[in-house]
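The next block holds one structure in the form of structure tokens; read it before the comments.
Nothing in this text is a laboratory measurement; each read-out follows from the coordinates by a stated rule. Everything quoted here is computed from the prediction, not taken from an experiment. Note that each Cβ is placed from the backbone with ideal geometry, even for glycine, and that neighbours are counted across all protein chains shown.
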């Protein structure tokens, strides 16, 4: 019984340590931040962090027939480096036809 308790505690500690963010991620800082929003028909933002995470997005209000307010068309991407050293990217568009993501391994 004592062996099972020690084994359980060890597994629990290993699981918790794996779930915590890496030291680099916990200490990451924003190295670039851009934001623009005219409050009417478009916006954009982009940022990068010191641990290699990047995100950008742009949205534009398009006029649409029959729609009083128009349709918001958005496109953007996010990229990051996984713990295995590989870089991934998700690009997307979203408009009246729905959300369309594209996932790829960059390097």
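Whole-percent P(r), the stretch 23-105, all Cα pairs, 5 Å bins from 0: 3, 13, 19, 19, 16, 13, 8, 5, 3, 1, 0. I want to make sure I understand the PRE zone here: with the label point 7 angstrom from the Cα of residue 48 toward its beta carbon, which residues in the stretch 71-106 have backbone N atoms less than 18 Å away? Hits in the stretch 71-106 for residue 48 at 18 Å: 76-82, 86-91, 106.
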